[in-house]
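Remarks on the structure that follows.
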Amino acid sequence: MIRVYNTLSKSKEEFKTVKPNEVGIYLCGPTVYKPSHIGHMAGPIIFDTIKRYLSYNGYQVKLVINITDVDDKLIAEANSRKIPMATVAEEMTADYMRNLDAMNVKNSVNHFPKVSEHIGNIIKFTQDLINKGVAYESDGDVYFNVGKFSDYGKLSHRSLEQMTGEGGTTVDRKQTPFDFALWKSAKPDEPSWDSPWGKGRPGWHIECSVMSRELLGETFDIHGGGLDLVFPHHENEIAQSEARHSKPMCRYWMHNGLMQASGETSKVGGRKTRTAEEGNIESQEINKISKSKGANAFCDMLKQFEPETIRFFLLSSHYRRPIDFSVERIEEVAKGLETFYRFTKRFEKVTGRNFYHLAAAVNRTEGNQTIDAVTSSIPELAGYRAKFLESMDDDFNTGGAIGVLFELLRVLNKYIDDHKLETETENISLRTPLIHGATVLRELGLTLGLFHKPPKEKTNAGSNELVNKLMGLLLELRAAARKNKDFATADKIRKNLAEFGITLEDHPEGTEWNI
């Protein structure tokens, strides 16, 4: 049974869909006025993984990520660059899509609706709210009357007394300070569209209410986003949608922790004054990585790290926890990922099979059949697979699941060692359980979007002839030292190479080195 933490109830609930075996997920996407940074990848990777796991469990899943291409920030950026707003949006959307593609997410998303494509639907939705008496026009603007929606505050668990209004230059046009804009009248020379209230453009919150309804229906299953969107954005979405449809907007509100600058706060403009806490919006906002704080473009990060390394990093903790970001942290995670890559090479040497060509189960039922074939030879595998699934069933705990993958890896390496599979060539039957076990490892990895293709070979590890010759000489010297029981010299060579980022692996047939 899958259980999901619902921000609305502040508790874990049994996952039950609106329609049998179907899941609709709406994730708030970016405002495309600047290049994407790593914070923009967290949500898509997390909810892509959620989609993969739900699909693995037999659900038909539709994932929607919106593109906000009409906004004050876009207008300001367009004015500063003296180009049309649509040009800025087009450039930055292309950047976002390239990054999602690199992270193996783009093809998982069913729809990328744009605000500019739904202006007519937004106008009609807004008029419907006016007709219902929960919205009003004022000097060309249209506002939602918060006092007409009795459940306002139920998502953020705040009362009106605990809130502050949006303020700004339009406060005099509102009936109460808490009312928020559905439609904004156009200023001179701003992009605008015709409406019953004059030329203008949509407010921020109405956009997601409209696009989610158009693509997923009046009530859908999961609405996702960063913790910083709980209030006011998602609170206002609920007010609009439920006032319009008289039914719940969605069943589960899921919010991922924010990307926190750690150890490098000065580089992104943050200042660490208190520890970020799970579920605490205020503490996570302090060090949140954002465009406004000068976060580095994600395309630059991809020059430094492989996409799978970044994905592994983002999934290494529970999605609701704040993500502690630093280059050092990613490098640390990369070392852990490297142990899996070393196993795939070892596996190929032992079995002659390519790990990435193993026909892994694509759903839970098939996986149950696969595990039955190997438990008699490697009994621990069944328990670890069950533990992995328990972690994912428990609110998609990817951090716990990845911990289980390491345990599974240890068991498989131990099986190779115990049966001397790198040196024994006669008993081929002993390799069959290893193949089944590696297939289970790949099956579980794929549910997280990992191990779908081999990593790129490090060009500096094998293409430089001089480096190869020097390493060969060092390994010969180390082997001679070990043979002469001069372990101090052998250890010094290993230790100094490790300081240069070079690791050594000793095997019966020789020593391998990797950068």
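Scan (1) more than 12 Å from the chain's Cα centre (by Cα); (2) part of a loop (DSSP other than H, G, I, E, B) for the single condition Ser317 breaks and write down its number. Status for Ser317: all satisfied but (1).
Restricting attention to the range 364-406, the residues being in a loop (DSSP other than H, G, I, E, B) and either more than 27 Å from His255 (Cα to Cα) or modelled with pLDDT under 95 (or both) number 7.
When only residues in the range 473-508 that are assigned to a loop (DSSP other than H, G, I, E, B) and within 37 Å of the chain's Cα centre (by Cα) count, which is surrounded by the fewest Cβ atoms within 10 Å (Cβ to Cβ)? Here the residue is Phe500.
Being modelled with pLDDT under 95 and touching a Ser or Thr at 6+ places or on another chain (Cβ under 7 Å), is that true of even one residue in the range 245-253? So far as the range 245-253 goes, no, none of its residues is modelled with pLDDT under 95 and touching a Ser or Thr at 6+ places or on another chain (Cβ under 7 Å).
Counting only strands (runs of 3 or more DSSP E) that fall entirely inside the range 1-53 and contain at least 3 residues that are surrounded by 23 or more Cβ atoms within 10 Å (Cβ to Cβ), the qualifying elements are 22-27.
Condition check ((1) charged (D, E, K, R); (2) within 25 Å of Thr365 (Cα to Cα); (3) out of contact with any Pro (no Cβ under 6 Å at 6 or more places or on another chain)) across all residues:
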position	(1), (2), (3)
Tyr53	no, yes, yes
Asn57	no, yes, yes
Val64	no, no, yes
Lys73	yes, no, yes
Arg81	yes, no, yes
Ala86	no, no, yes
Met97	no, no, yes
Val105	no, yes, no
Val109	no, yes, yes
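Looking across the range 79-88 at every residue that is of a type in the set (A, V, I, L, M, F, W, C) and more than 13 Å from Arg201 (Cβ to Cβ), the one that is surrounded by the most Cβ atoms within 10 Å (Cβ to Cβ) is identified as Val88. For the range 410-449, the set of residues classified as within 25 Å of the chain's Cα centre (by Cα) and under 16 Å from Asn354 (Cα atoms) consists of Thr439, Val440, Leu441, Arg442, Glu443, Gly445, Leu446, listed by residue number. Pairing residues of the range 305-317 that are in the same structural domain as Ala261 (by TED's automatic domain parsing) and of a type in the set (Lys, Arg) with residues that are in a helix (DSSP H, G or I) and crowded, with 23+ Cβ neighbours inside 10 Å, at Cβ distances under 6 Å and at least 6 apart in sequence or on separate chains, gives Arg311/Ile45.
Checking each residue in the range 411-424 for being assigned to a helix (DSSP H, G or I) and surrounded by fewer than 14 Cβ atoms within 10 Å (Cβ to Cβ) picks out Lys414, Asp417, Asp418. A single entry from Tyr384, Tyr341 fulfils the requirement of being in contact with an Asp or Glu (Cβ under 8 Å, 6 or more places away or on another chain) and not assigned by TED's automatic domain parsing to the domain that holds Tyr56: Tyr384. Using the structure shown, decide if Asp72 is free of Cβ contacts under 8 Å to residues at least 12 places away in the same chain and of a type in the set (Asp, Glu). Yes.
Given the condition out of contact with any Lys or Arg (no Cβ under 7 Å at 6 or more places or on another chain), small (Gly, Ala, Ser), surrounded by 15 or more Cβ atoms within 10 Å (Cβ to Cβ) and farther than 28 Å from Phe144 by Cβ, answer yes or no: does some residue in the range 108-129 qualify? No - not one qualifying residue is present in the range 108-129. Restricting attention to the range 109-155, the residues being under 30 Å from Leu450 (Cβ atoms) and either among the aromatic types (Phe, Trp, Tyr) or touching a strand residue (DSSP E or B) at 6+ places or on another chain (Cβ under 6 Å) (or both) number 4. Checked against (1) among the basic types (Lys, Arg); (2) within 34 Å of the chain's Cα centre (by Cα); (3) modelled with pLDDT of 95 or more, Arg158 meets all criteria but (3). Among the residues of the range 10-54, those that are β-branched (Val, Ile, Thr) and under 24 Å from Asn236 (Cα atoms) comprise Thr17, Val18, Val23, Ile25, Thr31, Val32, Ile46.
Going by the conditions given, is Val333 modelled with pLDDT under 90 and surrounded by 18 or more Cβ atoms within 10 Å (Cβ to Cβ)? Spelling it out, it is not the case that Val333 is modelled with pLDDT under 90 and surrounded by 18 or more Cβ atoms within 10 Å (Cβ to Cβ).
The number of residues in the range 170-215 being surrounded by fewer than 20 Cβ atoms within 10 Å (Cβ to Cβ) and touching a helix residue (DSSP H, G or I) at 6+ places or on another chain (Cβ under 7 Å) comes to 8.
Selection of the range 388-431 for residues being touching a residue at least 12 places away in the same chain (Cβ under 8 Å) and of a type in the set (S, T, N, Q) yields Ser391, Asn397, Thr398, Asn413, Thr423. For the range 115-130, the criterion of being assigned by TED's automatic domain parsing to the domain that holds Arg251 and on the phi > 0 side of the Ramachandran plot is satisfied by no residue at all. The single residue among Glu242, Glu218 that is more than 23 Å from Lys184 (Cβ to Cβ), surrounded by fewer than 24 Cβ atoms within 10 Å (Cβ to Cβ) and more than 22 Å from the chain's Cα centre (by Cα) turns out to be Glu218. Reported count of residues in the range 336-356, each being closer than 29 Å to Lys51 by Cα and either under 20 Å from the mean Cα position of the chain (by Cα) or among the acidic types (Asp, Glu) (or both), is 3.
The values are calculated or read from the model by the stated rules, or taken from the named source; none is laboratory data. Just so we're clear, the structure is a prediction, and the values are computed from it rather than from any experiment. Virtual Cβ from ideal backbone geometry, glycine too; neighbours counted across all protein chains shown.
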